[in-house]
1. Treat the range 209-314 as a sphere of radius equal to its Kirkwood radius over Cα pairs and apply Stokes-Einstein at 4 °C in a medium of 1.567 mPa s; give the translational diffusion coefficient in µm²/s, rounded to a whole number.
2. For n ≥ 4 DSSP H runs only, could you compute -39500 (n - 2.57) per run for the chain, divide by its residues and tell me the 222 nm figure to the nearest 500?
3. Hand me the trypsin sites (Lys or Arg not before Pro) from the range 414-462 located in a DSSP loop with no more than 14 other Cβ atoms within 10 Å, in residue order please.
4. Say each of Ile163 and Leu301 gets a label point 7 Å from the Cα, pointing the same way as Cα to Cβ; how far apart are those two points in nm?
5. Taking Cα atoms of the range 203-258, Rg/Rh with Kirkwood Rh, to two decimals?
6. Can you compute the equivalent ellipsoid semi-axes for the range 1-133, i.e. the square root of 5 times each eigenvalue of the Cα gyration tensor, sorted largest first and rounded to whole Å?
7. Sort 206-219, 390-403, 263-276, 19-32 by the packing proxy (mean of other Cβ within 10 Å over each peptide's residues), most packed first.
8. Of the listed peptides 288-295, 316-323, 145-152, 491-498, what is their order by residue-averaged count of other C-beta atoms within 10 Å, with the highest listed first?
Amino acid sequence: MSSVQLYDTTLRDGAQKEGVSFSVVDKLNIAQKLDELGIHFIEGGWPGSNPKDIEFFDKAKSLTLAHSTLVAFGSTRRPKAKAETDANLLALTSAGVKVATIVGKSSELQVTQVLETTLEENLSMIADSIGYLKAKGLTVFFDAEHFFDGFKINPDYALRCLITAAEAEASCLVLCDTNGGTLPNEITVAIKAAKKLTSVPLGIHAHNDSESAVANTLAAVNAGATQVQGTINGYGERCGNANLCSVIPNLKLKMGIDCVTDEQLAKLTEVSHYVSEAANLAPDPFLPYVGASAFSHKGGLHVAGVTKWADSYQHADPAQVGNRQRAVVSELSGKHNIIYKAKELGIDLPSQGKEAQKLLEQIKRLESRGFQYENAEASFELLLHRAKPDYQAPFELVDFMVIVETRRRQPTRKSLEETLAEAMIKVRVGTEVIHTAAEGNGPVNALDQALRKALLQFYPSLAAVKLVDYKVRILEESIGTESQVRVLIESSDGVEEWTTVGSSPNLIEASWLALADGLEYWLLKQKTSNSLAKS
Ligand SMILES: [Zn+2]
């Protein structure tokens, strides 16, 4: 199969996703990551549209990219104007890049209704703009905006726009499904029609509004397109762009197109997570190939299957895309999930022994009381350790009391009242019972403070542990009149994050259990790494 070039537009189209804003530094770092992934072209931004992108291209000059070529984006000149004086085209020539992509209209209705000019003038705009950039020594890709919609209304005109760009010596004609509503069979027909008329390489730029962006991209490649545009994690305006994290492995693993090396493909999951961090969005666990759940197994039958034969319930080898297989422990799981999960955590449970069965029963009991271990692997790991006869907890909770009160502030202050909480706790460490009290801005904060106060004298390193996320869910499905509350707490020591769970009819108690698990887990990890270091 012929080769395909990957064109990433995370830094331009991807940044159009609602809620995403990349800083210049983010963009530079992402470009470096895309280079490691083996992306051929990185579209850095639109220098003619904003100063941030001008700054990006300026700073990008000092990037050393091993595989990627940086591309600047712009549009065709304005109607009835000159290319030589068009600010947006000028910005492309001073961006310091060798390749520019310019978008132009290729749909009759877009020309008459939106651009409000004649069909002929639009063709001149395409020809002049490409000609100008070519004369300045740039390689030019032409993005034919709304091509597939235009092809439906007036195929002759849509194709004429392509021919015009080809005659102006564009190096690639990128057919855009700008509104994202085209389906794969329609893509195939249009690409084939374009391919008949020109020998210039064709590209595909698909949006995901009909959830067909990846399928459309693959259909375009099958029909002869050789450049695929998309974004990491499918970020983009509205429903997003074609997700390169799915397109790349599909091309390489399913269609046998060597668009990246094996080593580059193995970085896919890392790059996906890196970009979501930079976008300040939680990585989507349900993304194909790169999501944390993409290769996780919850059904007991499935886990029993993959234990015997890894590929029995997976379509690809997760290691090829840098992901991993994972068993999910829940009340739906069988003994195999527990054994598999324990092995993942480095704890050997004999498959014939009673331990796994006992643990499974315990998990089912706890889940019926509102605990859930699917997302609280640290609490699950503690369960495994606590099941060992020789396990010694670093501390034990004896009891706690929390008082919440509203105090009247000084009359000069605008807000008259403030809420204060005070927690008193009893904790056993070894043979000692410690009694402490602490204040906080709320009951959970007060408990956290009191627990730390008690433990820090024994474990000063605990000061490194911070609570980073706190989630509460009221469980409707619980029996009886009182609803059960589940608390998930994410803690971090600045290097790693871990999640623990607590559940109770009482919010404070649920929080207390999750808090204590969070600290116990970290102390346990410290102990293991210390003893490993000593041995
Ligand atoms: Zn787009």
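Read-outs: derived from the displayed coordinates by stated rules, not from any lab. What you see is a predicted model, and the numbers here were worked out from it, not measured in a lab. Cβ: placed from backbone, ideal geometry, glycine included. Neighbour counts: every protein chain shown.
1. Answer, rounded: 86 µm²/s.
2. Here the helix-only value at 222 nm equals -11500 deg cm²/dmol.
3. Those satisfying the criteria are Lys414.
4. Here the modelled spin labels are 5.9 nm apart.
5. Reported Rg/Rh (Cα atoms, Kirkwood Rh): 0.95.
6. In descending order, the three semi-axes are 28, 16, 15 Å.
7. Result, highest mean first: 206-219, 263-276, 19-32, 390-403.
8. 145-152, 288-295, 316-323, 491-498
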